[in-house]
Amino acid sequence: MPRSSLQTDSSAEPERTGEKQDESNFDGFVFRYPGRGLQPLINPPLSPVGNLKNLPRDQPDPGAVIVSEESSRARAAIGAFASALQAELKNAMQQGGPVNAIAVCNTTAMPITAEVSSEQGLMLSRVSLKNRNPANAPNDWQREILESFENRKAAGEELATMAWSEVAAIDGKQQFRFMKAIPTGALCLQCHGSNMSPEVSARLAELYPGDKATGYTEGDIRGAFVVTRNL
Ligand code: HEC
């Protein structure tokens, strides 16, 4: 399909370029969206700096530079959130065990995401294919990426560095999108595993009647961090 027809069709899926990432590899590639076949990598990805085809070959691709800078910012925000929440969680676990710590996850996870989001000028959230809090259900594109993470894991990729980013165009505006897989560790099983204490199960059932976030084992993908930012 010629690019011009993609751009004028605003009702269609946002035009998107995918970039699979890990810490070591930032090269663009052709990303396979499940069920939709191969999508060509459009280069540059709707970069605000215009058509790059005329740039000399030794110039860095500004589209890739934007993705790289935005990814660093996203990773920093995720790091700030994860360490703040983990500190709260560990502290509460030590003081009163998992039943006590549920209250921390219940009352502080969302406020911390909101705080980090406004501090860093972006939108941070957590999503999961099997979410506990209904607010953490993925939307369509997030679900697609979560499913692609499951496929990448099945193909043998490490979870520790599993991430994804793109610049999507929605009604002529560009949005940077970043997702990073969240691995399930041993500690997590006390509240997300199969053999939780009856007290923990009872408390979770009380707070989250539609809870889907149990039955995990160590090494599963618990969900993902999502960062979006309008460019
Ligand atoms: C003490 C119990 C407890 C422990 C331990 C725990 N969680 Fe959770 N987790 C929760 C609760 C409660 C929620 C719902 C939070 C909310 O309402 O915002 C949650 C939500 C989440 C979410 C958001 C998606 C969803 O399902 O709503 C992720 C991701 C997550 N936990 C990952 C982890 C990981 C990874 C670990 C281990 C490092 C872990 N959790 C350990 C209780 C726990």
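Quick look at the values:
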| read-out | value |
| --- | --- |
| Burial ranking of peptide ranges 209-221, 77-89 (average Cβ count within 10 Å, highest at the top) | 77-89, 209-221 |
| Entries in Lys173/Lys212; Lys130/Lys173; Lys180/Lys212 that, when Cα-Cα distance is taken, lie over 28 Å | Lys173/Lys212; Lys130/Lys173 |
| Computed lengthening from Asn91 to Ala202, 0.36 nm per intervening residue step minus Cα-Cα distance | 37.8 nm |
| Residues with amide H under 5 Å from that of Arg132, placed H, sequence gap 5 or more | Lys212, Ala213 |
| Contour minus Cα-Cα distance for Ile170 and Ala82 (0.36 nm per residue) | 28.8 nm |
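A short reminder: the numbers here are calculations on the coordinates, not readings from a lab. The structure displayed is predicted, hence computed values, not measured ones. Neighbour counts run over all protein chains shown; Cβ positions are idealised from the backbone, glycine included.
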